[in-house]
Amino acid sequence: MNLLQTIRRSRKIAVMACAILLAGTLSAQVSSYGEKQAGENTGDQLPQVLQKVAVNQHLNQSLPLNAEFVDETGKTVHLGDYFGKRPAVISLVYYTCPLLCSEELDGLTGALEMVKLTPGKDFDVIIISIDPADTPALAAKKKAFYLKRYGRPETADGWHFLTGKTPAIDATTSAVGFGYVKVPGPDGTMSQFAHASSIEIATTEGKLSQYYLGVEYSPKDVLLGLIEGSGNKIGSPVANILTYCYHYDPQTNKHSLIVARVVQFGGMVTMAGLGGFMFLMFRRDLKLGRDHNLTGDLTSPDLTKRTDKG
């Protein structure tokens, strides 16, 4: 009887633990009404700073091919150096971004792994930092990381990680329609950026032919975009659903950088953890129950008598 009580008690503990953890997760993501009153945004409106952050699709717009950048080796290049022979995938990020830019580059690399074309031969990958403080050393480190992840080191000549000064960055982001705003980092300095996530396809002539928004990209769509871009064909606008690198912080009634998808991922991890915890607890209870039944049968008076008689 004591063992059965212990089993029931362990089940209650498991349920209570799940409830406590779930409540903690929800309270960490949702602040009370009073805490939200001092926030910058109300209702379903975007925060004021995000109203300046957007990706406006400038299809058929020429990139500033004379814009001057520095590649990951420290060599001065122009954007036009990468056009004339093949299309390119464009990604606007910054190399010290704590969250969203890495997810974007992860998604791009994952999609390109499934595309049966070769960087440097069939197309180029051009990553441009929007932060003039980024250095070629940081660019080289990022290139090494993603080239290793891509798993085809022989394609290194097709991957270009660029840094540049403000005029070249502004000319490129303006042509692409990529809006972003500089915001304070955790230390209070203006060292980070609120921005959305997207990649673009540019034709062999350096004109924008297709946009892909978010941080996950369909390999089939990217392949089609590159094929059309190689023929200088211009695609169609896509649904303007943006992923922002921005998040409301109820502790300071301000907004701080974070990827919304990280919150979603954290919720999924929490629920998976709760499910695994409950599964292990109930499995343990069932095992204890079976052991108890076996022990009870072996020590019962009737079984003892039958054994003695045998």
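All of the numbers you see were taken from the coordinates with simple rules; none came from a lab. The structure presented is a predicted model; accordingly, all values stated were derived computationally and were not measured. Cβ placement follows ideal geometry from the backbone for every residue including glycine, while neighbour counts extend to all protein chains displayed.
Once you have a ≥ b ≥ c as the square roots of the Cα gyration tensor eigenvalues for segment 54-243, tell me rounded if a/c is under 1.5, and otherwise prolate or oblate according to whether a/b is larger than b/c. Rounded is the answer for segment 54-243, as its axis ratio a/c remains below 1.5. For the listed residue pairs LYS143/LYS233; LYS121/LYS141; LYS75/LYS116; LYS75/LYS165; LYS148/LYS220, the alpha carbons are over 25 angstrom apart in LYS143/LYS233; LYS75/LYS116. For segment 54-243, averaging the sequence separation of C-alpha pairs within contact (under 8 Å, six or more residues apart) and dividing by the residue count gives a relative contact order of 32 percent.
Applying a DSSP loop filter and a limit of 16 other Cβ atoms within 10 Å to the trypsin sites (Lys or Arg not before Pro) in segment 53-148 leaves LYS75, LYS85, LYS116, LYS121. Along the Cα-to-Cβ line of ASP170, 7 Å from the Cα, sits a label point; which residues in segment 88-104 have backbone N less than 20 Å from it? Residues 92-94 qualify, since their backbone N sits under 20 Å from the label point.
A simple spin-label model places pseudo-atoms 7 Å from Cα toward Cβ; at ASN66 and THR118 they are separated by 3.5 nm.
With 0.36 nm allotted per residue and the present C-alpha distance subtracted, the ILE227-ALA144 stretch has 27.2 nm of extension available.
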